[in-house]
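Following: one structure in structure tokens, then a few remarks.
Read-outs throughout are calculated quantities, based only on the coordinates presented, and are distinct from any laboratory measurement. The model shown is predicted, which means the values in this text are computed figures rather than measured ones. No Cβ is skipped: glycine too gets one built from the backbone with ideal geometry, and neighbour counts run over all protein chains shown.
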Amino acid sequence: MKKSVLIWIVFFVAVSLNVIAVVNDGAIDQARLRFSNASNTNQYNVNNVIVNQNPDPAEPGKYVEVRWKIENFGGTAVKDLRVELIPVYPFSLESGDSAIRKIGTVWGNQMGDEGMMVYYKLRIDKNAVEGENAIMLRYSNDKGNTWIKVEPFNIRIKSHDAILSVVSVKSVPSQIVPGKDAEVQIKIKNMADSLLKDIKVKLDLSNVPFVPIGSTNEKEIIMLDSGKQSILKFSLTAESDAESKIYKFPLLIEYQDESESDYSKNNIIGLVVGEKPKLSLVLDSSEVYTTGDMGDVVVKFVNKGVTDLKFLNVKLKESNDYKILSNDDVYIGNIDSDDYETTDFKLYIQTSNMVVQLPLSIEYRDANNNEYDEDISLNLNLYSKAEAKKFGFKKSSQKTGIIIVVIIVGIGLFVYRRWRKKKNNGK
């Protein structure tokens, strides 16, 4: 029994020595040499992934450091091992850096923490496509006479921030008149290092008095290259009863990068509703009609526009034609749309001209606090005394009327006495 056991032991030793000799005669124990990211002895060739890349993901236009672990799961040493990186777009080595790394000997069962590391620092092209980009390795153990390619490894590339920026928002005209059309131009720019796609821009008009005209409130851009701009145009109408003010509402943007990661932004934009107030000035009434008259001149301010005006102030400038006997500077305040206010100035007329100009300087603001100032002249017509009486602007004085009555009465008495005297003489 002991003799048979001894024979079996000798047999197995001989077989084992024979296997080792066969392996030593071969070039590389290829089935046992693994480039991987782990040292799991129960798994063969873990998907050909690298140990790590730094940073992860890498960014276009910058650098990435990549490392591989080489483990020998066989019992035979691999001598004079060389590894070569095969640079392919978008990766490249720095000038002067060799693509070949001389590893030397990887001993049998050299695994885990004892595995050999291969390191490269690569530049990434600024126009690199986001996503997984393949890179190739190959190795040799006969001084580079023959090479064996390893399955491609993937390096993840992605812009640090896929930023889509709203550069400007412009409406034409700058103030949208109620009931009128306007074009809203939104300029966006791709601030990322790579292409952005499936860009959707939407105006949320649910709580503002605007209605899209001729198209919807949403626009799309299929793709926008890095650094490029695009202008989206929306046709809107402000509702006829829209109050004059600034309206704020959301601008919603959704888009994807090249790796199909989704992004969304919620901005706030503003549009101005209103127009320049249509202020009309008229001479409402006057108490002065001739040279030497003194009285009030009343000026009416009429707001004929759709927007309110406020902080109205008026000043009557001095002139040689008249003397201002009241305050020359008057604050009127607010005038609503389709409404009016009046103010008066007391004047003494000291010219013989038949037309006197009243130069007025006015200042006011619209509902959106835009400031306006104007110089307007009103004509004050004067008349001769006879014309003033003729047109009913002036009445004859009471003293003159009494004199006329006295004269008429005197003439009447004189005529009556003459008649009585003749009558008595005739008898």
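Restricting the count to DSSP beta bridges whose residues both fall in segment 164-273, what percent are antiparallel, rounded to a multiple of 5?
Within segment 164-273, antiparallel bridges account for around 95 percent of the total.
Please identify every one of the chymotrypsin sites (Phe, Trp or Tyr not before Pro) in segment 365-394 that sits in a loop by DSSP and has no more than 13 other beta carbons within 10 Å of its own beta carbon.
F391
Per q in 0.11, 0.13, 0.21 Å⁻¹, report the Debye log10 I(q)/I(0) for segment 279-390, using one uniform scatterer on each alpha carbon and no solvent.
-0.38, -0.51, -1.07
Mind checking which lysines have their C-alpha under 27 Å from K390, skipping anything on the same chain fewer than 8 residues away?
K300, K323, K346, K399
Exactly which trypsin sites (Lys or Arg not before Pro) in segment 264-370 are in a DSSP loop and have at most 13 other Cβ atoms within 10 Å?
K278, K304, K317
What list do you get for D262, D204 if you sort them by fewest beta carbons within 10 Å?
Ordered by Cβ neighbours within 10 Å, fewest first: D262, D204.
What is the fewest-to-most order of L252, L309 by other Cβ atoms lying within 10 Å of their Cβ?
By the 10 Å Cβ count, ascending, the order reads L252, L309.
Report the GluC sites (Glu not before Pro) located in segment 229-328 that are in a DSSP loop and have at most 12 other Cβ atoms inside 10 Å of their Cβ, or state none.
In loop regions of segment 229-328 (DSSP not H, G, I, E or B), the sparsely surrounded GluC sites (Glu not before Pro) are E260, E318.
List the relative contact order of segment 152-257 as a percent without decimals, with contacts defined as Cα pairs under 8 Å and 6+ residues apart.
It rounds to 34 percent for segment 152-257.
Which ordering of F301, F414 is given by a fewest-first count of other beta-carbon atoms within 10 Å?
Least to most surrounded, the residues fall as F414, F301.
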